[in-house]
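Before any comments, here is the structure.
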Amino acid sequence: MENHHYDFAMWFCLGFACIDTNIIEFSLLGSFVKGRCTLWRVNDRAVFEPNLHDCASRDYVFVVNPSGANGRTGQQWKRMLPDLSSRLGRQCNIREELTTGPLHAIEIAREAVRDGAAAVIAVGGDGTLHEVLNGFFEDGKLVQSRELHPGPPTALGLIPMGTGSDLARHFRWKLNDKYQAIDRLVKGQKRRIDVGRVQLPEDRIDRYFLNVASLHLSAKAGHIAAMYKKLGNFCYVLGALKAFRAHEDRDLRMRINGGPWTVVPKVTAACVGNAKYFGGGMKIAPTADPFDGSLEVVSLADYKWYDFVLKMHMLYQGTHVHLDKVTTTSVHTFEVEEIEYQSRREDVFVQADGEHLGFLPAKFSILPEQLNFIL
């Protein structure tokens with residue numbers, strides 16, 4: 001990836017850039033703005049973006065989960081806000097929004113996008129980011145601004161302050177480092193990021209994820225772990241051990257990229273990675289890349305509790321994919337359902353970004369280059 005900076009002066013009240021590999025054109029419609037712009041070349045594709053100070057009239061909405069990480073998120077945010085305001089406040093309008101409960105971040109983000117915010121920044125962990133991301137969508141489509149704006153569409157950002165913060169690990173960001181986070185926002189580098197989608201027929205609402213979705217044992221473990229967040233990252237290990245207590249492997253029907261259905265025996269868990277990490281640092285999908293237009297499916301079969309304990313280090317290193325009980329596949333769509341004749345004690349759990357979504361059947365798919373993501 002390479003970038004080039006250009007000084008520019010352009011007249012607009014509503015403007016746009018038409019970019020070819022060697023051509024930049026502007027529609028000139030009104031008021032005068034002078035500043036700098038960046039031409040990013042990513043995989044032979046050019047992306048033009050004004051820097052942050054070219055969007056001074058637009059809001060940067062910070063969606064803060066004050067109770068995240070056992071209340072530490074709220075405290076860290078208060079300490080960070082003065083520095084953030086001094087460095088970023090002259091370039092844009094900083095708007096703080098505190099969540100008051102589950103799903104509130106979805107509503108805040110959706111309204112911010114409709115209002116034409118320059119960016120919506122999740123301040124918290126993967127759960128807060130998951131809700132903010134889902135606020136960018138409604139009825140299976142990206143939310144549109146109520147008004148036309150001269151800048152690019154609303155961007156998504158993250159200040160990692162949660163318990164897991166696994167997406168931040170993918171980008172090798174330091175957790176709870178306010179200076180690095182502020183630097184990223186001031187620089188304003190963005191790239192189009194892929195978004196994963198989960199569809200549960202009984203739910204009728206599409207769900208979206210940036211990190212990892214999963215089913216069966218890993219999904220149930222995440223559901224249990226949410227009850228023990230006070231233990232920090234150990235809650236994910238505890239959740240897995242508790243989930244194993246009543247766990248039964250299942251024979252499941254699976255279909256990849258719309259091909260034929262196949263029966264996969266003794267499935268312990270299947271993880272669908274848009275990024276690499278889940279469960280507080282487990283490198284479950286080591287080759288996943290949220291910019292490559294595909295998902296990495298990692299399936300574990302006949303995996304026992306003692307396998308988990310004895311080979312836990314392999315999950316954190318990403319070397320578990322070389323085990324005989326583990327298979328990996330790159331997909332665009334992945335469908336899973338239970339076999340009807342099986343007797344069972346409970347339904348098969350489905351989660352995304354650590355959030356419980358429901359139960360099988362489920363369809364996972366990739367939506368390439370859906371959003372501008374602040375890197």
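The values are calculated or read from the model by the stated rules, or taken from the named source; none is laboratory data. Keep in mind it's a predicted model, so treat the numbers as computed, not measured. Every residue, glycine as well, gets a Cβ built from its backbone with ideal geometry; the counts of neighbours run over all protein chains shown. Keep in mind that these areas ignore ligands, DNA and RNA; they rest on the heavy atoms of the full protein, side chains included. Shrake-Rupley method; radii C 1.70, N 1.55, O 1.52, S 1.80 Å.
General remarks:
- Candidates 225, 221, 213 - the one that is buried (at least 24 other Cβ atoms within 10 Å of the Cβ) and not in a helix (DSSP H, G or I): 213
- The lone criterion from (1) within 20 Å of residue 216 (Cβ to Cβ); (2) open to solvent by 40 Å² or more (accessible area, probe 1.4 Å) left unmet by residue 368 is number (1).
- Positions within the stretch 84-109 being open to solvent by 50 Å² or more (accessible area, probe 1.4 Å) and either at pLDDT 95 or above or β-branched (Val, Ile, Thr) (or both), in sequence order: 94, 95, 96, 97, 98, 100, 103, 107
- Filter result for residue 248 (open to solvent by 50 Å² or more (accessible area, probe 1.4 Å), closer than 29 Å to residue 368 by Cα and either not assigned by TED's automatic domain parsing to the domain that holds residue 297 or not in a strand (DSSP E or B) (or both)): no
- Candidates 198, 186, filtered to the one that is under 15 Å from the mean Cα position of the chain (by Cα) and within 21 Å of residue 132 (Cβ to Cβ): 198
- Members of the stretch 147-168 that are open to solvent by 10 Å² or more (accessible area, probe 1.4 Å) and modelled with pLDDT of 95 or more: 154
- Residue within the stretch 324-334 that is over 21 Å from residue 352 (Cα atoms) and either polar (S, T, N, Q) or surrounded by fewer than 17 Cβ atoms within 10 Å (Cβ to Cβ) (or both) present: yes
- Qualifying residue in the stretch 240-249 (condition: basic (Lys, Arg), modelled with pLDDT under 95 and over 19 Å from residue 332 (Cβ atoms)): yes
- Residue under evaluation residue 177, criteria (1) over 30 Å from residue 306 (Cα atoms); (2) surrounded by 17 or more Cβ atoms within 10 Å (Cβ to Cβ), criterion not met: (2)
- Checking each residue in the stretch 163-209 for being under 21 Å from residue 291 (Cβ atoms) and of a type in the set (S, T, N, Q) picks out 165, 180, 189.
- Residue check, residue 131 of a type in the set (D, E, K, R), touching a residue at least 24 places away in the same chain (Cβ under 8 Å), assigned to a loop (DSSP other than H, G, I, E, B) and assigned by TED's automatic domain parsing to the domain that holds residue 67: no
- Every listed requirement among (1) at pLDDT below 95; (2) β-branched (Val, Ile, Thr); (3) outside any helix (DSSP H, G or I); (4) open to solvent by less than 60 Å² (accessible area, probe 1.4 Å) is met by residue 193 save one, (1).
- Residue check, residue 353 touching a strand residue (DSSP E or B) at 6+ places or on another chain (Cβ under 9 Å), open to solvent by 10 Å² or more (accessible area, probe 1.4 Å) and within 30 Å of residue 189 (Cα to Cα): yes
- Residue 122 passes every criterion in (1) closer than 18 Å to residue 207 by Cβ; (2) in a helix (DSSP H, G or I); (3) of a type outside the set (S, T, N, Q) apart from (2).
- Here is the figure for the stretch 196-213: residues that are basic (Lys, Arg) and either modelled with pLDDT of 95 or more or closer than 16 Å to residue 142 by Cβ (or both) total 2.
- Take the conditions (1) open to solvent by 50 Å² or more (accessible area, probe 1.4 Å); (2) outside any loop (DSSP other than H, G, I, E, B); residue 184 misses just one of them, which is (1).
- Hits in the stretch 86-118 (condition: of a type outside the set (D, E, K, R) and touching a residue at least 60 places away in the same chain (Cβ under 8 Å)): 88, 91, 118
- Residues (in contact (Cβ under 8 Å) with a residue 40 or more places away in the chain and either among the polar types (S, T, N, Q) or more than 19 Å from residue 223 (Cβ to Cβ) (or both)) located in the stretch 274-287: 274, 275, 276, 285, 287
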